[in-house]
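Visitor: A single structure is presented below for examination.
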Ligand SMILES: Cc1cc2nc3c(=O)[nH]c(=O)nc-3n(C[C@H](O)[C@H](O)[C@H](O)COP(=O)(O)OP(=O)(O)OC[C@H]3O[C@@H](n4cnc5c(N)ncnc54)[C@H](O)[C@@H]3O)c2cc1C
Ligand SMILES: Cc1ncc(C[n+]2csc(CCOP(=O)(O)OP(=O)(O)O)c2C)c(N)n1
Ligand SMILES: [Mg+2]
């Protein structure tokens, strides 16, 4: 019953018990059932409680998105699943480290543009920069696009992290 | 005073006893020797030694499905664990609660490609409900108790506990099950009352209703079957069930339409197709049942009750989805139904029944009788007539014989029918029958088999002999992988590529080689006496029932077709499979 035209992009937060293999379970669920992962981030968020938070960005029809959430929720070590795209207005951020090498005009132009994007220079040599840039994923896409003709050599992105606006916990 | 410390192996045994386990199915090896040693030194748990680890898992499934208790398996690392994988997948697909203990190499050797090491938790992650690698004896008690909790609560399923050998020797404190609370897993059993009320209101408007029930009723327990009977009586509606739900509602009842789906009855499938309100309780819209999705009950509103939220809206959109245990929800539904004093549209219902009776008159399970050769359907009919008044449990292998058993053996009670539905595992029936027999020593346990399937776990006859489990293996011997041949006939121009059962053993002599009794029937005239002889034989029997080689299983909805596009046995020419249908299994 999938209708190719109504594909949606959702950011889902999953609070899990930080036990061995929990990430493999989540990833295995996506690969085993043929769901998409656009990005996935994970880190422990509460040491005392042993909980980690996984943020996964996925695409699918509304029916598939509902399935993904239900499938995540039935994994035994999962505490909670929240669809940040539907349930709340959320803020999303991603960080990227971007290496640009070159000299002369291109080097100057890269530096000028990085300023417009509020990227920070965190490493410099005579013929390279490493920029740190933070923002919504499309801002990072845009920055990378601009750096490409200016000597882009390496990109490392964290993937999206997201959190709901307002005072409540997830 | 410090609590007494036990070795990991002793903790395993004590936890099993505290969980009420009386029987385990297993096979020893280096990585589980300490547990086997602990087993040797106690007498509360009976160990049934199988002949292949796949057999251990299916036997545990048989034990579980026939008792409602979890089945327990014990196997060694490496090949022991990998041999268990088919059984675990089978149990996952059919929602059977199992706890499977696997040995593992010592923790300091993990990752070194040690002797008989394999990544058991990695291999079994997608084929279990959950699994654990236990890194120290300190964690062992908690994991043991959690494993039983997870396997049996919510949607049941198999779990694996992988226990390294050094952990089995290591000492730690034991804690009882009452002191272990799972941190995260809290399945919902009570359905949302507002949704149940809405469901009752929708049911009340129905003119062409149908109950479509499944394995979830069996999973919920005998009480759910009882409530189902009560509710179906209250409404007067027709009821059909999946392969996995047979027995939840008595087949002798007037409201029973027989099984639905690919090999279901004409009346059940047509009623599904034409219904206006469908009440699905504990069934998962499997593709054997729905046929073509976009033509599935096109004019109906659907209520779906399931304990697993992911079953709802997975395949078919539910107008009202209720997450909860079938028994709990039925209880609420009956209460609300009574308190609302619902008045159904009696005259519409009478018309609906008239239509259904019309479909019934098509007599879709009929077949051409013969005086010379045994028709497979006839063999099942006779088996049914001669065993129905006993405490009988039926298991099956996979193929045509399985479908004929579902069609022609009729069940009055839940937990009496055990078959591999979701995975369709040839080799399931014999070990499952042994598991049933171990749990019900005085019952008559029959594996309805095919000559091809039975060879997949035939070694378990030896287990049946050793443990005096007098199972009866009733082989419908058509000398073909009949189900495969039927599909080749339908889809591949009758080119029977490798589906002839070549070089078959002499099943009578084979039985004798194991020390069992072999019986062969070749004509309809001798069938009854031979079946009686089988029943009266005190030990295991292999019954070689030589049947018509070319009989096909009808009715049938070909892949990719709708419920009202069935092929009937007396009109097989009508078989039409679309190109898209050929792509489906
Ligand atoms: C050769 C072959 C042919 C087949 N042909 C047919 C056929 O013609 N017709 C047919 O029906 N099947 C057929 N099958 C079986 C089919 O493949 C499926 O296994 C079967 O249809 C699934 O049954 P079910 O929907 O009852 O689900 P099950 O697999 O029994 O699943 C049970 C459902 O109930 C839910 N549940 C579990 N516990 C509870 C509870 N306590 N309360 C509420 N819900 C609960 C589960 O979450 C799940 O959704 C065939 C199989 C084979 C091998
Ligand atoms: C382990 C396994 N391998 C292959 C299949 C595919 N398969 C389904 S039915 C069947 C033939 C079964 O033949 P038999 O046991 O003789 O039963 P019949 O259909 O003749 O009654 C096969 C090969 C399967 N279901 N399971
Ligand atoms: Mg056969």
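Only the coordinates and a few stated rules stand behind these numbers; no lab work does. Just so you know, these numbers come straight off a predicted model, no measurement behind them. Don't worry about glycine lacking a Cβ; one is built from the backbone with ideal geometry, like all the others, and counts go over all protein chains shown.
Visitor: Using the count of nearby Cβ atoms within 10 Å as a rough guide to exposure, how do B:266, B:36, B:500 rank from fewest to most?
Guide: B:500, B:36, B:266
Visitor: Right, next: Can you figure out the FRET efficiency of residue B:341 with residue B:492, using R₀ = 56 Å and their beta-carbon distance, to the nearest 0.05?
Guide: 0.45
Visitor: Another question, if that's okay. Once the Cα atoms of helix A:105-116 and of chain A are each reduced to a long axis, what angle between those two axes, in degrees from 0 to 90 to the nearest 10, is obtained?
Guide: Taking Cα atoms only, the helix is inclined about 50 degrees.
Visitor: For residue B:115 paired with residue B:503, estimate the spin-label separation in nm (one decimal), with each label point 7 Å from Cα along the Cα-to-Cβ line.
Guide: Simple spin-label model gives 3.4 nm for this pair.
Visitor: Determine the relative contact order of segment B:519-585: mean sequence separation of Cα pairs under 8 Å and six or more apart, normalised by residue count, in whole percent.
Guide: Across segment B:519-585, relative contact order equals 25 percent.
Visitor: Return A:30, B:550 ranked ascending by Cβ neighbour count within 10 Å, so the fewest neighbours appear first.
Guide: Least crowded to most crowded, the residues run B:550, A:30.
Visitor: With bins 10 Å wide starting at 0, give me the P(r) of the protein assembly as shown over every alpha carbon pair, in whole percents.
Guide: With 10 Å bins starting at 0, P(r) equals 3, 13, 20, 22, 19, 12, 6, 3, 1, 0, 0.
Visitor: How high is the relative contact order of chain B? Use alpha-carbon pairs under 8 Å, at least six apart in sequence, and give a whole percent.
Guide: For chain B, the relative contact order is 14 percent.
Visitor: May I pose another question? Is any residue of segment A:136-170 close enough, with backbone N under 16 Å, to a label point placed 7 angstrom from the Cα of residue A:103 along the Cα-Cβ axis, and if so, which?
Guide: A:151
Visitor: Could I ask something else about it? Could you give the length gained by full extension between residue B:513 and residue B:107, i.e. 0.36 nm per residue of separation minus their alpha carbon distance, to one decimal place?
Guide: That works out to 141.8 nm of additional length.
Visitor: Taking a label point 7 Å from the Cα of residue B:194 along the Cα→Cβ vector, which residues of segment B:308-329 have an amide N closer than 12 Å to it?
Guide: The answer is none.
Visitor: Can you compute the FRET efficiency between residue B:139 and residue A:46 using 1/(1 + (r/R0)^6), with r the Cβ-Cβ distance and R0 = 22 Å? Round to the nearest 0.05.
Guide: That pair, residue B:139 with residue A:46, gives E of 0.60.
Visitor: Provide the gained length on full extension for the span residue B:348 to residue B:368, in nm with one decimal, where the gain is 0.36 nm per separating residue minus the Cα-Cα distance.
Guide: Between residue B:348 and residue B:368, full extension yields an extra 3.6 nm.
Visitor: If the label point is 7 Å along Cα→Cβ of residue B:412, which residues in segment B:258-277 have backbone nitrogen under 20 Å from it?
Guide: Under cut-off, by backbone N: B:258-259.
Visitor: State whether chain B is rounded, prolate or oblate according to the following rule on the C-alpha gyration tensor (a ≥ b ≥ c being the square roots of its eigenvalues): a/c under 1.5 gives rounded; otherwise a/b larger than b/c gives prolate, and the remaining case gives oblate.
Guide: Here chain B falls in the oblate category.
Visitor: Right, next: Just want to confirm a number: the relative contact order over segment B:375-482, from Cα pairs under 8 angstrom separated by 6+ residues, in percent.
Guide: 30
Visitor: Roughly what would the spin-label model give for residue B:583 and residue A:139, points 7 Å off Cα along C-beta, in nm?
Guide: 4.3
Visitor: Which value in nm describes the separation of the simple spin-label points at residue B:184 and residue A:63, placed 7 Å from the Cα toward the beta carbon?
Guide: Taking the simple label geometry, residue B:184 and residue A:63 are separated by 2.8 nm.
Visitor: I would also like to ask the following. Run the helix sum for the protein assembly as shown: -39,500 (n - 2.57) per DSSP H stretch of 4+ residues, divided by residue count, reported at 222 nm to the nearest 500 deg cm²/dmol.
Guide: -10500 deg cm²/dmol
Visitor: Moving on to the next point. In what sequence do B:530, B:254 fall when counting other Cβ within 10 Å, fewest first?
Guide: Ascending number of Cβ neighbours within 10 Å: B:254, B:530.
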